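Please read the structure below before turning to the comments.
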Protein chains: 2
Amino acid sequence: MQITGDMIIGSQLVRGNAGQQQAYNPSTKAQLDPGFGLASSADVERACELAAAAFDPYRALPLEQRAAFLEAIAEQVLAIGPALIERAQLETGLPQARLEGERMRTVTQLRLFAKVVRDGRFLGATIDSALPDRAPPRPDLRLAKIGLGPVAVFGASNFPLAFSVAGGDTASALAAGCPVVVKAHTAHLGTSELVGRAVQRAALDCGLPEGVFSMVYGDGRSIGQQLVGHPAIKAVGFTGSRQGGTALMRTAASRPEPIPVYAEMSSVNPVFLLPAGLAAGGATLAQGFVDSLTMGVGQFCTNPGLVFGLASAELDGFVAASTEALAAKGAGTMLTAGIHEAYNSGIARFGSTTGLTQVARGGEQGVGCAAQAALYLCDAETFIGNPDLQDEVFGPAAIVVRFSDEQQLLRAAEGLHGQLTATVHAQAADQAIAAKLLPILERKAGRVLFNGFPTGVEVAHAMVHGGPFPATSDSRSTSVGATAIDRFLRPVCYQNVPEGLLPEALRDDNPLRLARVQDGELKTA
Amino acid sequence: MQITGDMIIGSQLVRGNAGQQQAYNPSTKAQLDPGFGLASSADVERACELAAAAFDPYRALPLEQRAAFLEAIAEQVLAIGPALIERAQLETGLPQARLEGERMRTVTQLRLFAKVVRDGRFLGATIDSALPDRAPPRPDLRLAKIGLGPVAVFGASNFPLAFSVAGGDTASALAAGCPVVVKAHTAHLGTSELVGRAVQRAALDCGLPEGVFSMVYGDGRSIGQQLVGHPAIKAVGFTGSRQGGTALMRTAASRPEPIPVYAEMSSVNPVFLLPAGLAAGGATLAQGFVDSLTMGVGQFCTNPGLVFGLASAELDGFVAASTEALAAKGAGTMLTAGIHEAYNSGIARFGSTTGLTQVARGGEQGVGCAAQAALYLCDAETFIGNPDLQDEVFGPAAIVVRFSDEQQLLRAAEGLHGQLTATVHAQAADQAIAAKLLPILERKAGRVLFNGFPTGVEVAHAMVHGGPFPATSDSRSTSVGATAIDRFLRPVCYQNVPEGLLPEALRDDNPLRLARVQDGELKTA
């Protein structure tokens, strides 16, 4: 399949004429052909208008057709074959196996949302029967959720498949009945085009209204902002930097009609080593930590960038074992030159922070934008006295903080910003402190995990990949897992609406065989 | 029970020393004793700190205790007896029967949330079993929702009981496990004190942490803004003007940690008279409309301020019958002098709008801040050419818009702002146009109702009292009905958390007997 540099606007391939951009190979630091034509304002306008026009016909389709569309996208992504993996490798420096795994994750995610659509629980179907004899009479009230409207999706650099053009935001928005306009990430333009065409083919094959999916190329600060400001757009999905996410939040909040932004931004994912957990973990724990820290060159949202422990011989042992494990890790190529520079700036900031000691570095030799892993150590006073040590350094760097006692550790936990994850290594003997820590971590993080590491986010029903600000812009949501669909829904109440006009989910004969809340009680079909 | 003018800060009665304010009788235009001491910054600080400290212990209580607390509040509100109704009458000008009905609504609402808490469906309990043999192994993942944290609630002037101190926002926030700090509305300070003390007594009787409830007096622009800006506050519930609501939205969005605001603001609640529906309704329809328009002196969020119909003899007949019905309605006393002035300004604005014809007025004679109802007529061009005719005039005023054809009416529907409700009067013969109208109205309103009037909002499971901006700040939510609790919740995922530390909702033995999603399937207990 040829990559042409064209955008996808409805059923058309459109050559953007507002400048041109090439993809970049972070391993060779060379530009890649072809040039991609960037969107003009008129292109964005057209994509948004088509999306608005597609909303009603798309959401009116039977759920089965919506589910089939998601499955068709999965098939079309697979049908691209090795060309997708090859192009993604060139554009991201990520290894083949990782990208193949990510493709499978993308496909699995689309299929999960097809199941979510068929199950119909996301509709929240609820019926309160009329009470004509009550004074005053109660009308017939029925609630079901509908999509918010067209969604703007910003592809993420660090998941060129699973959180990009046909990734979690797109899949969950389409599942909710919302058309999608993607702003492709400049870090993987060719990968985006391949996947965008796959979605376009699936839409055509399924006979969907053409505006259900479009994809534009352009700069986030201009085209991205225009997209978020467009009146047709009713919600935003974004994974990226805190700076980028908060800029979109400001734009969305200052629109004549403010809209929700789901921005997954920054998290240092603290790991708490409780005494018995640390003692039981030993060198295995250190190896697991370093593997998690350096996996994907540390370019995961859930990368463990902060370790809290109580001063002890065991903690010294953990640092020593981590040092050894880290030295054995080669320097990996980062996704983009910008991310690589930002990582090196972050490391430089750590290096110039008084009281923060570098205790380990990873291997130095690497290709292109190669990042050398780094581990630092400090005491509680240094950590508390330098609030910017909580700011994420995106990449394979972490800080171990040594606390003198339990109270100090709990206070520092209380001072943490919002996180995607918080990890506890504990054994039965740690029960007392773990029980004090857990309520704090529930308030701080979207996912609390024991005796593991935060990288590796399951696409499942119970997953929460979210958390209080600045981890995300909206702690009420998750961007991974089945309930990610909830982000793009709003409830509508139908009062005394004639049976023939009711949504299927709410009809008396329950044709979708949904479990519904009937007069306050959950009734299965 | 004596009204002293004291605030409620945790278990204390506190006399505010930042000035004093008296309540106002809108019927006599006289001030009422006693003076209420207004909150200083330190008072707000103290209330917020207590709320923050109460959050973990309060949310850790068994659901049964949380439910019992809500029921105890209901009992304590009833126990105030006639003194509550008498004081509310003096402060609001609302009639006794209306206030007694509203008290029952308040009590019913608290009891509904007690049931919601006991049912536990709001927790969204979801379990994905570990798959240790999968490569890579899947961990045990369990999701349940927890409260967002302390909630700031702004009492509404137009529901001095049901949407004030112990009203829907407070009840749903407490049900979600969130402490509440109320900013009492200055329009019913004495009523607020009586109810605030009832909540305080319930909290004491139930042995709850004292910060679970506080209430302060003060100006929205100073004390209200301080409250919304306080780091301990994690969400806001507000019912009031668009100006007030958007001011809180701006403050919440510009905090270091932005928080959700649930502001229910402004809606003109369009009523569509489709041809057969209009013909079938006749004079009964006009009477029903005028009753709904003038109920509570038009001071309902769901007041029908806009009527759309096709030019016809039947529409002329509707206007004529409405004119007659309106003339028979006396002038009612509005809630406050400010609301009365704003109503008169709105009427003056209508009066000076070229193309807008006044066709009817209600009776002129009334007591104090009495509002004379008003009905206007215009054609489609005037309506479309004057976008401010969509702005709510709070009170008993409405505009009938006469369209020349169906397409024009549908286009005007498409141009409507977000609404709490949209009403359709239709019969079987209107099926074709109703089917075109409904998808538009689903996008515009939180509740779509047929052959009725929008006033009268049931406290039920399927109710949605919400809608797209500017009806509310967050179309994903409802402020009335069982699912209002969802506003104050966020999901947390527990990964491999030891059984002894898991929330009850997620334990293997399912002690709460919840229906849970288990490996993607809904399982009843």
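The values are calculated or read from the model by the stated rules, or taken from the named source; none is laboratory data. In this text, all values refer to a predicted model and were calculated from it rather than measured experimentally. Cβ sites come from the backbone with ideal geometry, for glycine too, and all protein chains shown count toward neighbours. Ligands, DNA and RNA are excluded from the accessible area calculation, which covers all protein heavy atoms including side chains. Shrake-Rupley method; radii C 1.70, N 1.55, O 1.52, S 1.80 Å.
Here are some notes:
- Interchain or long-range residues, amide H under 5 Å from A:ALA360's placed H: A:LEU375
- Relative to the longest principal axis of the Cα atoms of chain B, the long axis of helix B:41-60 makes an angle of roughly 60 degrees.
- Principal-axis analysis of the Cα atoms of chain B puts helix B:82-92 at an angle of about 50° to the longest axis.
- Considering only beta bridges that DSSP places wholly inside the protein assembly as shown, some 40 percent are antiparallel.
- Local electrostatic count, A:PHE469, Cβ distance below 15 Å [Lys/Arg +1, Asp/Glu -1]: +3
- Average accessible area per residue (Å²) across the protein assembly as shown - probe 1.4 Å, nucleic acids and ligands excluded: 33
- Förster radius 60 Å - calculated FRET efficiency between B:ALA42 and B:ASP391 (Cβ-Cβ, nearest 0.05): 0.95
- Shortest-first distances to equivalent copies, position A:GLU100, nm, label 7 Å out along Cβ: 7.8
- Sequence-distant residues sharing a close amide H with B:HIS185 (under 5 Å, placed H): B:GLY155
- In units of the rule-of-thumb radius 2.2 N^0.38 Å, the range A:124-264 shows an alpha carbon radius of gyration of 1.28.
- Across the copies of the chain, A:GLY19 has label points (7 Å from Cα along Cα→Cβ) spaced 5.1 nm apart, shortest distance listed first.
- Share of carbon and sulfur in the accessible heavy-atom surface of the protein assembly as shown [1.4 Å probe, %]: 53
- For A:ASP219, label point 7 Å along C-beta direction: distances to other copies, nm: 4.4
- Applying 1/(1 + (r/R0)^6) with R0 = 41 Å to the Cβ-Cβ distance of B:LEU502 and A:ASP509 gives a FRET efficiency near 0.55.
- Set of the range B:324-341 residues, backbone N closer than 16 Å to the point 7 Å along the Cα-Cβ line of B:ALA97: B:329-330, B:332-333
- For B:LYS436, the accessible surface of its heavy atoms amounts to roughly 100 Å² (probe 1.4 Å, protein chains only, rounded to the nearest 10).
- Hits among lysines - C-alpha to C-alpha of B:LYS29 under 26 Å, sequence gap 8 or more where chains match: B:LYS183, B:LYS329
- DSSP beta bridge pairing in the range B:270-450, given as percent antiparallel to the nearest 5: 20
- For B:ALA370, the amide hydrogen comes within under 5 Å of the amide hydrogens of B:MET334, counting only partners 5 or more places away or on other chains and with H modelled in the peptide plane.
- Kirkwood hydrodynamic radius of the range A:318-459, Cα pairs, Å: 16.6
- Accessible area per residue (1.4 Å probe, heavy atoms of protein chains only) ranks B:THR483, B:THR357 as B:THR357, B:THR483, with the largest value leading.
- Other protein chain Cβ atoms within 10 Å, averaged over every residue that makes up B:54-67: 1
- Value of [θ]222 nm, deg cm²/dmol, for chain A, DSSP H segments ≥ 4, -39500 (n - 2.57) each, nearest 500: -12000 deg cm²/dmol
- Under the Karplus curve 6.51 cos²θ - 1.76 cosθ + 1.60, θ = phi - 60°, whole-Hz ³J(HN,Hα) for the range A:207-221, x wherever Gly or Pro sits: x, 7, x, 4, x, 4, 8, 9, 8, 10, 9, x, 7, x, 6
- Over chain A: Kirkwood hydrodynamic radius from C-alpha pairwise inverse distances, Å: 24.3
- Neighbourhood charge, 12 Å Cβ-Cβ cut-off, centred on A:PRO304 and excluding it, Lys, Arg +1 and Asp, Glu -1: -2
- When accessible surface is computed with a 1.4 Å probe, chains B and A are found to bury approximately 5600 Å² between them, both chains counted.
- Kirkwood hydrodynamic radius of the protein assembly as shown, Cα pairs, Å: 30.0
- Note on B:GLU324 and A:SER222: their simple-model spin labels are 6.6 nm apart, each label 7 Å out from Cα toward Cβ.
- Chain B's nearest residue to the axis relating it to A, judged by Cβ and reported with the distance in whole Å, is B:ALA253, 2.
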